[in-house]
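First comes the structure, then the notes that go with it.
The values are calculated or read from the model by the stated rules, or taken from the named source; none is laboratory data. This is a predicted model, so every value here is computed, not measured. Note that we place each Cβ from the backbone using ideal geometry, even for glycine, and neighbour counts take in every protein chain shown. Side chains included, ligands, DNA and RNA excluded: accessible areas come from the protein's heavy atoms. Shrake-Rupley method; radii C 1.70, N 1.55, O 1.52, S 1.80 Å.
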Amino acid sequence: MTQALLREIIDYASRANPYPLYEELRKTPVSHDGDGPYVVSTYYEIHSLLHDPRISSDSRNLKATGDDPLAGQDEGEGTTLPASFLKLDPPDHDRLRRMTNRPFGPPHAPHRVHDMREELGGLVSGLIDSIATKGNLDRIDLVDQFAYPFPVTVICRLLGVPREDEPRFHVWAETLAASLDPDPDEDPTQRGKGSSDARMELGMYLAGLIEERRKNPGDDMLSQLATADGPDGAMTTMEALSTAALLLIAGHETTVNLITNGMLTLLRHPDVLQRLRGNPDLAVPIVEELLRYEPPVQLLPQRTTLCDVEVGGVTIPQGASVWLMLASGNRDPKRFENADRFDPDRADIQHLGLGSGIHSCFGAPLARQEAQLALSELARRLENPRLLEDPPPYRQNAVLRGPRHLQVACDGIRP
């Protein structure tokens, strides 16, 4: 039963609306059959495991691979680099995350994300201006023309990629994104080669940039990753490389989905879109509700147990594969009243959209700010926007769920 339901959830035919299937899954909070994974689908059980030190993110601790319905879909990293801290346990995870956080956020760099706000606003305005300049307002693809280019440019500026190199970086990011979202009609051998080549080129480029910044550091994040030597010591070149790649791939992909899912939801709720147009501050609670209602990361399939763990009356044996169904937990009616309703006025919104515990989304402050600025400006500037296709075509990936294209029309673009 569980395996059949999981396969239905992962089937592309369910991508546009997996939520009725999650409702069915929640009838058994912790389920398992055959040799498949243990699937945890309810809010409190997921939240508990995200904070449980007996749950590992390191695949080397996985003993029972069993029948994996996701076979090949991944959260965002390749095998050509050492594992980032996303896929490590303490103490290695804690050391690398602390070292990465020093140049990124509080308490050591409390203003880095905040001080990017003006630059982020300029990027948003420039992309919307570009849509207006092209003039074809009868068919705008908000993914290709806005949601994809925006976050990768932000990552370039954050890391300190020279402006003249940003177009190359965009090509690599697009290729790697495609590898996470494979076209079933594409030759897998050719796709694999393209992805491998892009990872190699990106890795070589970043390695060269790291060495250059060690000799001539600036005030960008890559310089600080390459040169910092604090209480935890210094990062090796490979550690700095894997961290930079994590920031690019994981950070970019989730933000694209957050913005695109956000605009789709707002266009389906024109009353909320109208409120946002008149009150840009409403973007803050809207983004939080979006992270609950349509999270960019639907599930975490790469967890395992370090010992036997009892959850919801079920004993999960050591080394078992555990899937945490974040999007299902976010719609759990035992945690959220009217859980299937999009409500930006929701008072209690401790969602799982950015994870929780030691592996909570590292880039959450930046992702929130990007989405808030993007959605508020799109709402303000697009005159009478409307969907041309609903549901839109979705990406193949079941983990990183979002529309591959979001075609809209509008009557004009305000200055």
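So, of the residues in region 39-86 that are at pLDDT 75 or above and polar (S, T, N, Q), which turns out to be surrounded by the most Cβ atoms within 10 Å (Cβ to Cβ)?
Here the answer is Ser41.
Quick one: Gln302 ticks every box in (1) part of a loop (DSSP other than H, G, I, E, B); (2) open to solvent by 10 Å² or more (accessible area, probe 1.4 Å) except a single one, so which number is it?
It fails just one condition, (1).
The rows are residues; the columns are (1) surrounded by 11 or more Cβ atoms within 10 Å (Cβ to Cβ); (2) at positive phi; (3) at pLDDT below 90.
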| position | (1), (2), (3) |
| --- | --- |
| Arg98 | yes, no, no |
| Pro106 | yes, no, yes |
| Pro110 | no, no, yes |
| Val113 | yes, no, yes |
| Glu119 | yes, no, no |
| Ser125 | yes, no, no |
| Asp129 | yes, no, no |
| Ala132 | yes, no, no |
| Gly135 | no, yes, yes |
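Matching residues to (1) small (Gly, Ala, Ser); (2) open to solvent by 10 Å² or more (accessible area, probe 1.4 Å):
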site: Arg341; (1), (2): no, yes
site: Leu352; (1), (2): no, no
site: Gly357; (1), (2): yes, yes
site: Glu377; (1), (2): no, yes
site: Arg386; (1), (2): no, yes
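Please go through region 319-334 and give me each residue that is touching a residue at least 24 places away in the same chain (Cβ under 8 Å) and either aromatic (Phe, Trp, Tyr) or open to solvent by 40 Å² or more (accessible area, probe 1.4 Å) (or both), ordered by number.
Passing the criteria: Trp323, Lys334.
Do we have Asp138 as over 23 Å from Pro365 (Cα atoms) and within 20 Å of the chain's Cα centre (by Cα) here?
For Asp138, the condition - over 23 Å from Pro365 (Cα atoms) and within 20 Å of the chain's Cα centre (by Cα) - is not met.
Just to be sure, is Ala207 among the hydrophobic types (A, V, I, L, M, F, W, C) and either loosely packed, with under 15 Cβ neighbours inside 10 Å or farther than 30 Å from Tyr394 by Cα (or both)?
yes
Any residue in region 199-220 that is assigned to a helix (DSSP H, G or I) sitting within a Cβ distance under 7 Å of a residue that is hydroxyl-bearing (Ser, Thr, Tyr)? List the pairs, counting only those 6 or more apart or interchain.
Arg199/Thr80; Met200/Thr80; Gly203/Thr80; Ala207/Thr237; Ile210/Thr237; Arg213/Ser223; Arg213/Thr227; Arg214/Thr227
Does Ala283 meet the test of being aliphatic (A, V, I, L, M), farther than 29 Å from Pro295 by Cβ and not in a loop (DSSP other than H, G, I, E, B)?
In short, no.
Which residues, taken from region 336-360, are in a helix (DSSP H, G or I) and either among the hydrophobic types (A, V, I, L, M, F, W, C) or on the phi > 0 side of the Ramachandran plot (or both)?
Scanning region 336-360 gives Gly357, Ile358.
Do we find that Ala16 is closer than 30 Å to Val154 by Cβ, modelled with pLDDT of 95 or more, open to solvent by 30 Å² or more (accessible area, probe 1.4 Å) and aliphatic (A, V, I, L, M) in this structure?
Yes; evaluated as a whole, the condition is true for this residue.
Limited to region 4-47, what total is found for residues that are among the small types (Gly, Ala, Ser) and either part of a strand (DSSP E or B) or at positive phi (or both)?
2
Under the condition of being in a helix (DSSP H, G or I) and among the charged types (D, E, K, R), which residue from region 221-264 is most open to solvent (accessible area, probe 1.4 Å)?
The qualifying residue most open to solvent (accessible area, probe 1.4 Å) is Glu239.
Looking only at residues in region 20-38 that are modelled with pLDDT of 95 or more and open to solvent by less than 20 Å² (accessible area, probe 1.4 Å), which one is farthest from Glu389 (Cα to Cα)?
Val30
Every residue in region 274-293 that is open to solvent by less than 10 Å² (accessible area, probe 1.4 Å) and not small (Gly, Ala, Ser), please.
Matches in region 274-293: Leu276, Ile286, Val287, Glu289, Leu290, Leu291, Arg292.
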